[in-house]
Amino acid sequence: MVRAGGIDLGGTKIEATAFDDNWAVAETKRIPTPQDSYENLVDALCEMVVWLEDVSGSKGLPVGVGIPGFHSKRTGKFLTANLLASGRTVHQDIIDKLGRAVTFENDCNCFALSEAILGAGRSYSSVFGLILGTGVGGGYCSNGTMISGLNGAAGEYGHLGIPYTALKDLELDGLQCGCGRTGCYETYLAGPGMSRLAKHVTGNAVDAQIITTAAAAGDPQMQEVMRMWSRIAAELVAALQCTVDPDCIVLGGGLSKIPDIDRIIAQALPGILLDQTEPPEIIIAQFGDSSGTRGAALAATQNVEILGEAL
Ligand SMILES: [Zn+2]
């Protein structure tokens, strides 16, 4: 029996997944993300909600949508890159069109919730989900509850600044980030950022896979790249410790698939974290690409339980 549905709104595709009573994937459907008009984007999302209702046989099925961006709870407007929805009230427009409740949440928060309740973080009460991919995103859950904030932006540590002392130690410049700010963690910590560090050390911007393989094989230049990268990662863990002090940090995204990446980060923590403090456990996510839809479905289920949001 289908218990909830999750929809992942991406820049190129929209994926809907129906989950059974054990939170296993029952059915999945993918369609291209409409690029021509906002109205077609809303129609496509509505089509996926209706498909999930049909699969489950229930009009009241809890359905959540994970979105790549922020969603102001005050104005209802979206802030998102690469989609026609920026500045629009997508959530309300879908509710108006379908006449039913649908939960909306930042996709990084959905990842964190999925891992905190069902995945690698399920035995911890305070879980930070950190996605290291083409960008850096994150989300925080306390006792199985997502702390998303006014805009769903809580946990977006990729856009905090790397401390000046770390940049100085590593002889790095603060770089312009895609968000418009300068010196964000994302500029060096995401996959393209690791390549920038390689360029800094060797003159060549090789990709993360080559860097980490060569470093593991003993290449001194690539080991230097990894030393710099892990120092920046450790600074981010220190920032997390000083704000939410999580029991564990669950790593997701493309870089989380690098062998030993959890150990590489953990070994860089001494001397960077506050003196005498316990470090958080650094662990790898259990779910791969289905984390976003599973987390969105979980968020929808929680809203139904807490708020009675579904019709
Ligand atoms: Zn930024």
Checklist outcome for this item: One quarter of the C-alpha convex hull surface, i.e. the mean projected area of the range 1-82 in nm², amounts to 5.8
Item to check | Highest-first arrangement of 175-181, 1-7, 78-84, where packing means the average Cβ count within 10 Å | outcome: 1-7, 78-84, 175-181
Next on the checklist: Taking every DSSP beta bridge with both residues inside the chain, roughly what % is antiparallel (nearest 5)?
Outcome noted: 65
Item to check | Asn204 versus Ser86: modelled label distance in nm, points set 7 Å from Cα along the beta carbon direction | outcome: 3.6
Checklist entry - By how many nm would the segment from Met1 to Ile147 grow when fully extended, if each residue of separation counts as 0.36 nm and the alpha-carbon distance is taken off? => result 49.6 nm
Item to check | Bridge type composition, the range 120-284 - antiparallel percent by DSSP, nearest 5 | outcome: 55
Checklist entry - Among Tyr124, Tyr164, Tyr140, which one moves the most in a GNM of the chain with springs linking Cα atoms closer than 10 Å? => result Tyr164
Checklist outcome for this item: So for R0 = 35 Å, FRET eff. of Glu224-Gln276 from the Cβ-Cβ r, to 0.05, ends up at 0.75
Checklist entry - What Kirkwood hydrodynamic radius, in Å, does the range 120-284 give when the mean of 1/r is taken over all pairs of distinct Cα atoms and then inverted? => result 16.0
Checklist entry - Okay, which of the range 1-18 sit inside 19 Å, backbone N to the point 7 Å along the Cα-Cβ direction of Asp36? => result 11-14
Next on the checklist: When only alpha-carbon atoms are used, what values of Rg and Dmax, in angstrom, describe the range 128-181?
Outcome noted: 13.7, 40
Item to check | Relative contact order [Cα under 8 Å, 6+ residues apart], the range 1-78, whole percent | outcome: 33
Checklist entry - Could you work out the helix-only [θ] at 222 nm for the chain, with each DSSP H run of four or more residues adding -39,500 (n - 2.57) and the total divided by the number of residues, to the nearest 500 deg cm²/dmol? => result -12000 deg cm²/dmol
Checklist entry - For the range 102-165, what is Rg from Cα atoms divided by 2.2 N^0.38 Å, rounded to two decimals? => result 1.13
Checklist entry - Considering the chain as a Gaussian network with a 10 Å cut-off on Cα pairs, which listed residue, Gly292, Gly203, Gly87, attains the greatest mean-square fluctuation? => result Gly203
Checklist entry - In vacuo Debye scattering of the chain, one point per C-alpha: log10 I(q)/I(0) at q = 0.08, 0.09, 0.11 Å⁻¹? => result -0.37, -0.46, -0.68
Next on the checklist: Within the range 120-284, what whole-number % of the accessible surface is contributed by carbon and sulfur, with the 1.4 Å probe and all protein chains included in the calculation?
Outcome noted: 50
Checklist outcome for this item: So the FRET efficiency between Lys73 and Thr243, C-beta based with R0 = 25 Å and rounded to 0.05, is 0.75
Item to check | Accessible solvent surface per residue of the chain, calculated while the other protein chains remain in place, 1.4 angstrom probe, Å² | outcome: 44
Checklist entry - So which helices of the chain fit the span-like rule, where a helix is a whole DSSP H run, its Cα atoms reach 20 Å or more along the axis, and its mean Kyte-Doolittle is at least -0.5? => result 38-56, 220-243, 291-307
Checklist entry - Considering only the other residues whose Cβ falls under 14 Å of the Cβ of Leu269, what net charge follows from Lys and Arg at +1 and Asp and Glu at -1? => result -3
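The values are calculated or read from the model by the stated rules, or taken from the named source; none is laboratory data. The model shown is predicted, which means the values in this text are computed figures rather than measured ones. Neighbour counts run over all protein chains shown; Cβ positions are idealised from the backbone, glycine included. Remember, those area values only see protein heavy atoms, side chains included, never the ligands or the DNA or RNA. Shrake-Rupley method; radii C 1.70, N 1.55, O 1.52, S 1.80 Å.
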